[in-house]
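Have a look at the structure below before the remarks.
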Amino acid sequence: MTSVRDRPLHILVSSTRQWNPGDEFIDLGVRNILAPYLTRNDSWHLWNRNPDLSVHPDTNWHFRDGLVSNGVMRPLRQLVDIVVFSGGPEWLGPRCELIYEFLDQNPDVPTLLIGIGSAAPLNDMRDVEKRVLSRENTLVITRSRELALQIIHILGFHKSSWLPCPAVLSSEAMHPMSKTAKIAAILQIPYGPQSIPEGHFSEIRNALDTCSADIDIIAFHEVECEFLASTFPDRTLRYSEKSNEYTSWFGQYGAVVSTRLHGALAAMSTGVWSCIFHRDDFRVNSTADLVSPVPILEPISAIDRALMATRRSEANRLEISSFKQETIRRYRDKLDPFMASCFRMPPDLR
């Protein structure tokens, strides 16, 4: 392959836009992780896994016929120098079928799977997916130990490793320390896409209703806004269609409590203490196990800890900064030899 020194790279990245801010937080983190190996002249091409682009979001995940989208519909060799699966649970299966077929036909294209999460039962992994994942120029880093061990078991050799979810690095730099005691609560609702159980929402609502502290409510989906505004009429509701705007908001708070895994991780990335409301969710729990600064707490305990956190912001920031630096070092340990092998280059070429 032509060295990155000779010309800019074309990077095909698998993620979503205008679907789930969590996917975009992961993607921001992945790009920060890869920044030392790339240049500002490189081109990013999006393979958009947004279910709204599918024939049917539940039963047929292929792109609709005649779809007009500002994203890649079919990978072309002259426009792909490296493929990056940017986290998420859909790193194999129908939504990525054409990418794996392309990679199988072009075995010289390096492939990175960074921060991938829970997926369909891995015993359904197709042969083409196994071939691509088994290649020397494919690097697999999961966001949970359990998934990495499953991949190792299926492929039959030590192919994958596990590191904290890239969303913890979605903000490259931490925001100036906030001196406010205000708290943000990122909430899902008990119906619609990415909903939470009604009983879980009721527990959180009761905890918030009994708290007199200044707490803003943050929604990630437009469909959530009306319900949350009517449920918490006396609290400020915030929403944006731009995912990166949330990371600028988080720095305005002394603490963040969240039903959303990646909302809590992105808030932590800005230097703000955050936690996840506890519920029986393997995806959330297995990912959070690798992120020590973000605890999983029952609703009442979460609010109490958030109030305490607003009074020790400097100590929280030191812990978060140390965790982020260690996480970056661990990613570099994996990526340095891989990128040097694939592109015959040292890092830090920007």
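The values are calculated or read from the model by the stated rules, or taken from the named source; none is laboratory data. This is a predicted model, so every value here is computed, not measured. Every residue, glycine among them, receives a Cβ derived from its backbone with ideal geometry; neighbour counts consider all protein chains shown. What goes into the accessible areas is simple: the full protein's heavy atoms, side chains included, and nothing from ligands, DNA or RNA. Shrake-Rupley method; radii C 1.70, N 1.55, O 1.52, S 1.80 Å.
For Asp42, the residues whose modelled amide H falls within less than 5 Å of its own, excluding neighbours fewer than 5 places apart on the same chain, are Leu9.
Protein heavy-atom surface of segment 7-80, 1.4 angstrom probe: 50% of the accessible area is carbon and sulfur, with nucleic acids and ligands not counted. Qualifying GluC sites (Glu not before Pro) in segment 121-170, where qualification requires a DSSP coil assignment and no more than 15 other C-beta atoms within 10 Å, comprise Glu136. For segment 1-157, the gyration tensor built on C-alpha atoms gives a rounded shape. Its axis ratio a/c (a ≥ b ≥ c) stays under 1.5. Cα centroids of segment 245-311 and segment 34-69: 29 Å apart. Rolled with a 1.4 Å probe across the full set of protein chains, the surface gives Arg17 an accessible area near 70 Å². In this label model, Glu222 and Arg77 are separated by 4.2 nm, measuring between points 7 Å along each Cα→Cβ vector.
Modelled spin-label separation between Glu198 and Ser341, with each label point placed 7 Å from Cα along the Cα-to-Cβ direction: 5.3 nm. Solvent-accessible area of Thr111, all protein chains in place: 0 Å² (probe radius 1.4 Å, heavy atoms, ligands and nucleic acids excluded). Computed over the chain, relative contact order equals 19 percent, with contacts defined as Cα pairs under 8 Å that lie 6+ residues apart.
Among beta bridges from DSSP that stay inside the chain, the antiparallel ones total about 5%.
Sorting Ser15, Ser230, Ser301 by accessible area puts them as Ser230, Ser301, Ser15; the probe is 1.4 Å, largest comes first, and only protein heavy atoms count. Computed with a 1.4 Å probe over protein heavy atoms only, the accessible area of Glu241 comes to about 100 Å². In this structure, the amide hydrogen of Ser14, modeled 1.01 Å from its nitrogen in the peptide plane, lies closer than 5 angstrom to those of Trp47, Val84, Phe85, Ser86, counting only residues at least 5 positions away or on a different chain. Across segment 24-37, computed HN-Hα scalar couplings (Karplus, 6.51 cos²θ - 1.76 cosθ + 1.60, θ = phi - 60°) run 6, 5, 4, 5, 4, x, 4, 5, 5, 5, 7, 3, x, 9 Hz from first to last residue, x flagging Gly and Pro. Largest accessible area first, the listed residues Leu92, Leu28 line up as Leu28, Leu92 when surface is computed with a 1.4 Å probe on the assembled protein chains.
Overall form of segment 144-197: oblate. Here a/c, set by the Cα gyration tensor axes a ≥ b ≥ c, is 1.5 or more, and a/b is not larger than b/c.
The string of couplings for segment 7-13 from the Karplus curve (6.51, -1.76, 1.60, θ = phi - 60°) is 6, x, 8, 9, 10, 8, 10 Hz, one whole number per residue in order, with x for Gly and Pro.
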